[in-house]
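Since the structure comes first, as structure tokens, the remarks are kept for the end.
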Amino acid sequence: MESNNLMNKEIFKTQALSASLEDYLKEIYVLSLDGQEVRVTDLAKCLGLTKPSVNRAIYTLRDHGLLTHEHYGRISLTDDGRKAAKRIYENYKVLYRFLTEVLGVDMETADKEAHLMEHALSKDTRKRLKKHIKNKIMTTRKTGGLL
């Protein structure tokens, strides 16, 4: 019986997360980059949500093995949680740069659209976008901005 529970937890942990749960992971990651201790109140404020809503998401992410949460205390990402959050954040940054630097999209629109797209971007596509951005910047430097 115990081995079935462990197997079920592993399957549960590897299932795809919703965009909403990924948003929580990313926000925890970004807040913790500054060395800041992250709490439910911080997340609720940053995401514009109620504490009960944040608590439900935190429990789900904890059950996935992506974070730890001390009762009424700090929230910390596990190694798996940090990897997932970093991937989402990297997706966002690459998409934002592509939209602003390559396509010339205004910053506010790029922020909103990169946020929507960050959840669906594959590792391969992210690599290709990075390469394209780098090539575009190098070409622009070589030509003095004239294409």
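Condition check: within 21 Å of LYS45 (Cβ to Cβ), assigned by TED's automatic domain parsing to the domain that holds TYR29 and of a type in the set (Ser, Thr, Tyr). Does TYR59 satisfy that?
On the way: within 21 Å of LYS45 (Cβ to Cβ): yes; assigned by TED's automatic domain parsing to the domain that holds TYR29: yes; of a type in the set (Ser, Thr, Tyr): yes.
When the stated conditions are applied, TYR59 passes them.
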Review point. Taking interchain pairs and intrachain pairs at least six residues apart, which have beta carbon atoms under 7 angstrom, with the first residue in region 121-136 and touching a residue at least 12 places away in the same chain (Cβ under 8 Å) and assigned by TED's automatic domain parsing to the domain that holds ASN91 and the second surrounded by 13 or more Cβ atoms within 10 Å (Cβ to Cβ) and β-branched (Val, Ile, Thr)?
Key: ARG126/VAL94; LEU129/VAL94; LYS130/VAL94; HIS132/VAL102; ILE133/VAL102; LYS136/VAL102
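Scan region 105-112 and tell me whether some residue there is modelled with pLDDT of 95 or more, over 18 Å from LEU25 (Cα atoms) and surrounded by 15 or more Cβ atoms within 10 Å (Cβ to Cβ). I'd like the intermediate steps shown before the answer.
Quick first cut of region 105-112, residues modelled with pLDDT of 95 or more only: 105-112.
Going one step further and asking which of them are over 18 Å from LEU25 (Cα atoms), we end up with 105-110.
Among the residues that remain, those that are also surrounded by 15 or more Cβ atoms within 10 Å (Cβ to Cβ) are: 105, 110.
Checking region 105-112: at least one residue is modelled with pLDDT of 95 or more, over 18 Å from LEU25 (Cα atoms) and surrounded by 15 or more Cβ atoms within 10 Å (Cβ to Cβ).
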Check your understanding: How do the pairs read when you match residues in region 94-106 that are of a type in the set (Val, Ile, Thr) with residues anywhere that are not in a helix (DSSP H, G or I), using Cβ under 8 Å and keeping only pairs 6 or more apart or on different chains?
Key -> VAL94/LEU121; THR100/ASP106
Check your understanding: Considering only region 36-91, how many residues are more than 21 Å from SER122 (Cα to Cα), surrounded by 15 or more Cβ atoms within 10 Å (Cβ to Cβ) and either β-branched (Val, Ile, Thr) or under 15 Å from the mean Cα position of the chain (by Cα) (or both)?
Key -> 16
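Would you be able to tell me the number of residues in region 26-83 that are of a type in the set (Ser, Thr, Tyr) and touching a Ser or Thr at 6+ places or on another chain (Cβ under 7 Å)?
Residues of region 26-83 that are of a type in the set (Ser, Thr, Tyr), as a first pass: 29, 32, 41, 50, 53, 59-60, 68, 72, 76, 78.
Subsequent filtering for residues that are touching a Ser or Thr at 6+ places or on another chain (Cβ under 7 Å) retains 68, 76, 78.
Matching residues across region 26-83 total 3.
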Point to revise | Boolean, GLY65 is on the phi > 0 side of the Ramachandran plot, assigned by TED's automatic domain parsing to the domain that holds LEU17, of a type outside the set (Phe, Trp, Tyr) and touching a Lys or Arg at 6+ places or on another chain (Cβ under 7 Å) | key: yes
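The values are calculated or read from the model by the stated rules, or taken from the named source; none is laboratory data. Model, not experiment: these values are computed from the prediction. Because the Cβ atoms are built from the backbone with ideal geometry, glycine has one as well, and the counts that use them run over all protein chains shown.
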